[in-house]
1. Based only on other Cβ atoms within 10 Å, what is the fewest-to-most ordering of 142, 89?
2. Length gain on complete extension for the stretch residue 38 to residue 109, per 0.36 nm per residue less the alpha carbon to alpha carbon distance?
3. Considering Cα pairs under 8 angstrom that are at least six residues apart, work out the relative contact order of segment 40-152 and quote it in whole percent.
4. Once you've got the Cα coordinates, tell me which of 44/97; 56/102; 56/147; 95/154; 50/97 are over 20 Å apart.
5. Return 154, 58 ranked ascending by Cβ neighbour count within 10 Å, so the fewest neighbours appear first.
6. Roughly how many nanometres apart are two label points built 7 Å out from the Cα toward the Cβ at residue 53 and residue 145?
7. Mind putting a number on the dipole of segment 40-152 about its Cα centre? Charges go on the C-beta only, +1 for Lys and Arg and -1 for Asp and Glu, and I need it in Debye to the nearest 20.
8. How much length, in nm to one decimal, is gained on full extension between residue 45 and residue 63, taken as 0.36 nm per residue of separation minus their Cα-Cα distance?
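Every number here is computed from the coordinates shown, using simple stated rules; none is lab data. Here the structure is a predicted model, which is why all the values come from computation and not from measurement. Backbone-built Cβ (ideal geometry, glycine too); neighbour counts: all protein chains shown.
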Amino acid sequence: MKKLKSLLIMAVALVLVSCSMSAKSEKKDTGDTKSQDEVIALNKAEFLSKVFNYEKSKKWAYTGDKPCVIDFYADWCGPCRQVAPIMKELAGEYKGKVIFYKINVDNEKELAATFGVQSIPMILFIPKNGTPQASLGAMPKEQIVEKITGLLLKK
């Protein structure tokens, strides 16, 4: 009976140790991934300071130091959910060259109205200098890459 108790205690101890080890490694991996491919959620105040302050000026003037892509989306939108992982992947691929933002149209109705968002997803491509271009609907990764390379990263 004592042997069975000590065997059971050892088994429980081993399970606890192995669970705590795997939990630590998962946290480390998740942190590394987030830093590599981050899409930044914007609210109105952040948009005004990082992208364009339309309350001060009606003439377009991008305030960022790198070109950016803004995904106007909603949590309930199926095509938006299809685009989200593509945006996250591209954020990692273009890290340091292009900033990726997302704006939830349900939470930021004023921003959506300001840009005339009537259909989602709507992706706004904003070059460092020049006029932004919008694309409506879910786009495959290849089309988004074409827009980024042709509009945002052209020399």
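1. 142, 89
2. 23.2 nm
3. After rounding, I find 32 percent.
4. 44/97; 56/102; 56/147
5. If I rank by nearby Cβ atoms, fewest first, I get 58, 154.
6. My value for the distance between the label points is 3.8 nm.
7. Charge dipole of segment 40-152: 320 debye, to the nearest 20.
8. 5.1 nm
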